[in-house]
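S.K.: The structure under discussion is supplied below as structure tokens; questions concerning it will follow.
Derivation of every value follows stated rules applied to the coordinates shown; laboratory data play no part. None of the values given here were measured: they were computed from a predicted structure. Here the Cβ positions follow ideal geometry from the backbone for every residue, glycine too, while neighbour counts run over all protein chains shown.
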Amino acid sequence: ELHVDLLLRVSIHVVSAAVAAPLRADGGAGSVPWARLDGESLILANPANRVWHQLRARLGEQRRTLAVAHEVAMHSTGLAMARRGLGRLLSPGFCAGSPALQGLVVQALVRPVVRWDVSSVRRRAAPPSAEVDALLERVRQTVAAGR
């Protein structure tokens, strides 16, 4: 009934204030193992997103839990809180290059790598839309260009 088109696959990153104690990056290429977040106050944006349920399950397999200090509805609120040192924001990797993160420390999280997929979903029976197809093609080109 549905057509699902994967547009983007990224991992989860941690965003910290530049003045916060740095997380030791020993996961390769500046990445940080999830174990480094033990004892850290975390900020979770859009807590109802299913990726967080998947994340908790994956970490549970390693007998780890998230110490979520703040749950917020908007990513921008989480960024503002992280900027003020109120915690470290868990963020999708597609945000890593955003100008909104300027002045913050952004590190990929590994061991395990948790993927964040962005897909387009539409009914198979829905008539094609030139506007939607053009938008999706622009998204694909932007992703391919690394922007």
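S.K.: Highest GNM mean-square fluctuation, the chain, Cα pairs closer than 10 Å: which of Leu135, Leu23, Leu86?
M.R.: The residue that fluctuates most here is Leu135.
S.K.: At R0 = 22 Å, how high is the FRET efficiency between Ala126 and Leu8 if r is their beta carbon distance? Nearest 0.05 is fine.
M.R.: That gives a FRET efficiency of 0.50.
S.K.: Looking at the square roots a ≥ b ≥ c of the eigenvalues of the Cα gyration tensor of the stretch 15-73, which shape do they give, rounded for a/c under 1.5, prolate if a/b is larger than b/c, or oblate?
M.R.: Oblate shape, in that a/c is at least 1.5 and b/c is the bigger or equal ratio.
S.K.: Tell me the GluC sites (Glu not before Pro) within the stretch 57-147 that lie in a loop according to DSSP and have at most 15 other beta-carbon atoms within 10 Å.
M.R.: Within the stretch 57-147, no GluC sites (Glu not before Pro) qualify (loop, at most 15 other Cβ atoms within 10 Å).
S.K.: Now for a different question. Go through the stretch 39-103 and name the trypsin sites (Lys or Arg not before Pro) that are in a DSSP coil and have 10 or fewer other Cβ atoms within 10 Å of their Cβ.
M.R.: Answer in residue order: Arg63, Arg84.
S.K.: Still on this structure, please answer the following. For every other residue with a beta carbon closer than 14 angstrom to the beta carbon of Val121, add +1 if it is Lys or Arg and -1 if Asp or Glu, then tell me the sum.
M.R.: Its environment carries a net charge of +1.
S.K.: Related question: Restricting everything to alpha-carbon atoms, can you work out Rg to Rh for the stretch 11-147 with a Kirkwood hydrodynamic radius?
M.R.: With Rg and the Kirkwood Rh in hand, the quotient comes to 1.02.
S.K.: Between Gln141 and Arg84, how high is the FRET efficiency from 1/(1 + (r/R0)^6) when r is the Cβ-Cβ distance and R₀ = 35 Å? Nearest 0.05.
M.R.: In this case the efficiency is close to 0.45.
S.K.: Next up: Which value at 222 nm does the chain reach when only helices count, each DSSP H run of 4 or more adding -39,500 (n - 2.57), with the total divided by all residues and rounded to the nearest 500 deg cm²/dmol?
M.R.: -7500 deg cm²/dmol
S.K.: Considering the dipole of the chain built from charges on the beta carbon (Lys and Arg +1, Asp and Glu -1) around the Cα centre, which of Phe94, Ile43, Val132 is farthest to its positive end?
M.R.: Ile43
S.K.: Okay, moving on. How high is the FRET efficiency between Ala25 and Ala73 when r is their beta carbon distance and R₀ equals 25 Å, given to the nearest 0.05?
M.R.: 0.25
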